[in-house]
There are 2 protein chains.
Amino acid sequence: MKVVMDINYINMNEIEKFFASKKIRVTAMRLLIYKFLAEKEVAVTLSDIENAFEKADRTTLYRTIKTFEEKAIVHQIDDGTGITKYALCEKGCNCEIETDLHLHFHCNNCNKTICLTDHKIPQIKVPEGFISENVNLVVKGICDKCSGQ
Amino acid sequence: MKVVMDINYINMNEIEKFFASKKIRVTAMRLLIYKFLAEKEVAVTLSDIENAFEKADRTTLYRTIKTFEEKAIVHQIDDGTGITKYALCEKGCNCEIETDLHLHFHCNNCNKTICLTDHKIPQIKVPEGFISENVNLVVKGICDKCSGQ
DNA sequence: CTAATGCTTGCAATGGAAGTGCAATTATTG
DNA sequence: CAATAATTGCACTTCCATTGCAAGCATTAG
């Protein structure tokens with residue numbers, strides 16, 4: 001796939017180094033998708049990415065995201081809309097590590113889902129015999145932009 | 001649809017009264033599905049119900065569950081598997097009321113999802129400007145039955 | 001530099017779950 | 001019993017997730 005590289009080269013170099021550190025190949029598609037995610041403040045669906053890159057194949061986007069997920073570059077968010085969303089992991093975010101989970105906010109008005117990375121999930125107690133490995137917490141309501149009006 | 005009523009009649013009468021109090025009609029299908037849910041300790045998917053009542057149409061099961069949901073007889077659970085699950089509301093469970101939310105536990109081993117009705121969700125703080133209306137919390141790990149071995 | 005290898009991409013197709021329109025059936029009410 | 005309203009079953013449709021295979025491109029060994 002040929003793309004016009006109208007994107008910041010300095011940034012790109014950094015991303016390339018980042019990809020190398022994650023031991024994945026640097027491809028145009030991956031760079032573009034990474035950049036797209038980095039520019040968004042909200043979690044996106046596969047369809048969002050699809051619409052942003054209409055020339056690319058859905059499968060490629062899908063597998064790119066899956067690759068990112070495996071390498072802990074993005075994390076999946078299940079916000080209860082039924083559609084899986086994705087967002088870049090923050091610096092130092094260790095999504096694989098159970099204790100590092102932040103919560104997600106889903107706005108019922110604008111339908112956007114945001115990572116509240118500063119808001120760690122409190123310790124949840126589970127009954128005797130249960131072993132907690134992972135916690136998913138989604139708060140639904142009205143986001144700051146929608147409530148401000 | 002004709003069904004063999006090989007089920008406890010005394011129970012059935014109670015369920016009928018319950019349905020009446022919820023202002024929904026008593027039908028064979030609804031009684032059977034309610035009984036099915038009551039006998040399960042875990043949240044079930046539409047497919048689970050489908051497999052249990054192979055003679056019934058999927059649409060009927062689907063709409064029955066939707067009716068139950070509207071009348072706050074069952075509540076939906078989104079446990080992150082991507083498939084919506086349902087469980088009976090407990091006595092006094094007010095799923096419509098945001099403050100009454102309990103957490104759910106999803107076992108990564110047996111793949112079952114359980115309502116931990118005794119475990120209320122702690123108050124979650126959201127940033128300035130955000131309005132919390134609803135909280136969904138799913139803990140994943142190993143359940144008591146699977147960890148006991 | 002070139003060939004061999006392996007990862008990446010695109011196309012086509014599949015599968016599963018959710019949801020809807022309509023007609024037929026069943027229950028309720030007057 | 002007749003009229004009305006709710007419920008059920010069938011046939012589709014839509015949408016998202018996922019996979020197999022072949023072609024293309026990048027990396028490595030020689």
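Per-structure values
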{"read-out": "Single match in A:128, A:133 (criterion: more than 21 Å from the chain's Cα centre (by Cα) and either within 25 Å of residue A:47 (Cα to Cα) or among the acidic types (Asp, Glu) (or both))", "value": "A:128"}
{"read-out": "Per-region count, segment A:47-64, residues closer than 24 Å to residue A:105 by Cα and open to solvent by 40 Å² or more (accessible area, probe 1.4 Å)", "value": "6"}
{"read-out": "Test: residue B:79 is surrounded by 15 or more Cβ atoms within 10 Å (Cβ to Cβ), away from every other protein chain (no Cβ under 14 Å) and within 13 Å of DNA strand C (Cβ to nearest atom)", "value": "no"}
{"read-out": "Single match in B:61, B:46, B:31 (criterion: more than 7 Å from DNA strand D (Cβ to nearest atom) and more than 23 Å from residue B:78 (Cβ to Cβ))", "value": "B:31"}
{"read-out": "Flag if residue A:90 is free of Cβ contacts under 8 Å to residues at least 24 places away in the same chain, open to solvent by 20 Å² or more (accessible area, probe 1.4 Å), closer than 25 Å to residue A:138 by Cα and not β-branched (Val, Ile, Thr)", "value": "no"}
{"read-out": "Which numbered condition residue B:113 fails, given (1) modelled with pLDDT of 90 or more; (2) touching a strand residue (DSSP E or B) at 6+ places or on another chain (Cβ under 6 Å); (3) facing chain A (nearest Cβ under 8 Å); (4) farther than 30 Å from residue A:145 by Cα", "value": "(3)"}
{"read-out": "Residues being within 12 Å of DNA strand C (Cβ to nearest atom), among the aliphatic types (A, V, I, L, M) and more than 14 Å from chain A (Cβ to nearest Cβ) - total across segment B:44-70", "value": "4"}
{"read-out": "Of the criteria (1) away from every other protein chain (no Cβ under 11 Å); (2) in a loop (DSSP other than H, G, I, E, B); (3) at pLDDT 90 or above, which one residue B:86 fails", "value": "(2)"}
{"read-out": "Residues of segment A:104-131 classified as open to solvent by 40 Å² or more (accessible area, probe 1.4 Å) and polar (S, T, N, Q), total", "value": "4"}
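The values are calculated or read from the model by the stated rules, or taken from the named source; none is laboratory data. Bear in mind that the values here come from a model prediction, so they are computed numbers and not experimental data. Every residue, glycine among them, receives a Cβ derived from its backbone with ideal geometry; neighbour counts consider all protein chains shown. The protein model used for the area step is the full one, side chains on, heavy atoms only, and it has no ligands, DNA or RNA in it. Shrake-Rupley method; radii C 1.70, N 1.55, O 1.52, S 1.80 Å.
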